[in-house]
Amino acid sequence: MLKTPAYAAPAVRAPLAPFSIDRREPGSYDVLIDILFCGVCHSDIHQVRDEWTGSTFPMVPGHEIIGRVKRIGDGVGKFNVGDIAGVGCFVDSCRECEYCRRGVEQFCDKTAAFTYNGTEMDRKTPTHGGYSTQIVVDERYVLRIPSGLALAAAAPLLCAGITTYSPLREWKCTKGDRVGVVGLGGLGHMAVKIAAAMGAEVTVLSTSPAKENDARRLGAHGFALTKSAGDFEKLAGRFHLVIDTISAPHDVNSYLLTLRALGTMVLVGLPGEPMPLAAAALVMASHRLAGSSIGGIAETQEMLDFCAAHKIVSDVEVIPIQKINEAYERMIKSDVKYRFVIDVASLKK
Ligand code: NAP
Ligand code: ZN
Ligand code: ZN
């Protein structure tokens with residue numbers, strides 16, 4: 001076993017604190033990665049606070065992992081020692097079911113091994129995420145990071161990037177489409193950059209007036225404050241596609257009415273509480289409401305290559321791990337510009 005310094009939530013809602021975990025010795029197809037940076041996703045907060053229920057503790061969060069390959073098993077063909085590699089939201093799956101064969105391993109019939117707050121496919125060994133100095137993962141579930149991407153800023157692509165790229169592709173975002181991005185946080189700012197690169201005319205719908213200049217700098221053509229019901233009037237019937245990234249319960253009906261007839265709104269945000277749906281907001285103009293969960297390995301690699309080609313990375317605030325609890329508090333207040341990324345060197349001190 002490989003002794004590994006980490007930061008963990010010892011119990012539900014407890015502050016994160018130093019912790020030690022054991023990683024397995026790399027097997028034939030495993031890659032041992034020295035973690036350099038790990039992004040901080042709002043999903044880390046939901047799970048530490050058990051807002052989706054079923055969380056297990058102690059929990060070492062983190063699923064936006066970038067590092068350098070330190071050691072490889074004798075069967076590894078995709079990586080060499082010294083390569084830069086990435087790990088996203090899952091680290092294994094059954095590899096045989098319909099979903100695994102289709103490359104949407106996140107829906108594996110046997111339940112994928114999520115990077116943390118889950119188990120390996122043996123269903124016994126708990127998984128631990130990237131708030132730690134190293135991780136061992138089968139090469140099939142490790143991403144190649146294209147050269148030329150700044151490493152700290154590329155880490156959030158492994159979750160925020162793929163989670164927004166996947167629905168934009170699925171719903172065929174294309175040149176000239178009017179796309180609304182709801183919530184300008186980690187996911188939202190990636191959605192703006194990626195949709196703009198796909199040629200869409202992007203409008204940010206935000207509750208934070210101070211984010212307007214940033215929204216335009218990130219590539220948005222428009223900005224709409226959505227603090228009160230009246231703010232929605234001028235947006236009625238406007239968008240072909242809306243990507244909703246809000247992390248807290250909100251009135252989805254107001255946002256549905258910003259769609260054109262036959263337009264689609266995709267929820268990627270995952271508030272822990274149910275949200276009421278008014279049938280009329282959906283039915284009267286044949287609006288469609290969909291959800292989207294991360295993305296498979298092949299699509300994640302496609303997204304990384306797309307981002308490299310378009311020079312897209314995240315706008316990050318790099319923090320030492322010792323500031324993680326403060327970063328959570330700031331994210332809950334929507335005070336994020338636009339992704340916190342942990343410099344894992346701070347864990348080695
Ligand atoms: P984040 O960085 O904290 O950003 C969330 C943004 O939502 C905030 O910056 C804020 O934007 C807006 N917001 C927050 N509370 C709000 C409220 N009460 N009313 C209206 N707007 C509010 O979070 P994130 O990391 O982007 O994650 C967003 C959500 O996506 C989380 O629920 C996360 O768990 C989920 N997620 C889902 C997937 C998936 O596979 N579907 C993957 C990753 C994350 P403004 O300041 O602009 O209003
Ligand atoms: Zn995430
Ligand atoms: Zn499977």
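Side notes on the structure shown:
- The listed residues are Gly237, Gly230, and the only one of them that is more than 16 Å from ligand 2 (Cβ to nearest atom), assigned to a loop (DSSP other than H, G, I, E, B) and assigned by TED's automatic domain parsing to the domain that holds Pro274 turns out to be Gly237.
- Qualifying residue in the range 33-45 (condition: within 16 Å of ligand 2 (Cβ to nearest atom), outside any helix (DSSP H, G or I) and on the phi > 0 side of the Ramachandran plot): no
This table checks each residue for (1) in contact with an Asp or Glu (Cβ under 8 Å, 6 or more places away or on another chain); (2) within 14 Å of ligand 2 (Cβ to nearest atom); (3) not assigned by TED's automatic domain parsing to the domain that holds Asp34.
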site: Asp83; (1), (2), (3): no, no, no
site: Asp92; (1), (2), (3): yes, no, no
site: Tyr99; (1), (2), (3): yes, no, no
site: Thr111; (1), (2), (3): no, no, no
site: Thr115; (1), (2), (3): no, yes, no
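- All positions within the range 221-250 that are of a type in the set (A, V, I, L, M) and more than 23 Å from Leu289 (Cβ to Cβ): Leu225
- Residues that are free of Cβ contacts under 8 Å to residues at least 12 places away in the same chain and either more than 16 Å from ligand 2 (Cβ to nearest atom) or in contact with a helix residue (DSSP H, G or I) (Cβ under 7 Å, 6 or more places away or on another chain) (or both) do not occur anywhere in the range 67-75.
- Any hit, the range 282-297, residues being away from ligand 1 (no atom under 16 Å from the Cβ), modelled with pLDDT under 95 and out of contact with any Ser or Thr (no Cβ under 6 Å at 6 or more places or on another chain): no
- Residue within the range 63-72 that is basic (Lys, Arg), at pLDDT 95 or above and under 26 Å from Ile332 (Cβ atoms) present: no
- Restricted to helices (runs of 4 or more DSSP H) entirely inside the range 266-349, those with at least 1 residues that are more than 23 Å from Asp244 (Cβ to Cβ) are 297-309, 324-332.
- Of residues in the range 64-109 being within 16 Å of ligand 1 (Cβ to nearest atom) and assigned to a helix (DSSP H, G or I), the one surrounded by the most Cβ atoms within 10 Å (Cβ to Cβ): Glu105
- Once the range 153-183 is narrowed to residues that are surrounded by 21 or more Cβ atoms within 10 Å (Cβ to Cβ) and within 17 Å of Ala327 (Cβ to Cβ), the residue that is nearest to ligand 3 (Cβ to nearest atom) is Cys159.
- Scanning the range 164-220 for residues that are of a type outside the set (Phe, Trp, Tyr), within 16 Å of ligand 2 (Cβ to nearest atom) and assigned to a helix (DSSP H, G or I) yields Thr164, Ser166, Pro167, Gly186, Leu187, Gly188, His189, Met190, Ala191, Ile194.
The values are calculated or read from the model by the stated rules, or taken from the named source; none is laboratory data. Bear in mind that the values here come from a model prediction, so they are computed numbers and not experimental data. Positions of Cβ are backbone-derived with ideal geometry, glycine not excepted, and every protein chain shown enters the neighbour counts.
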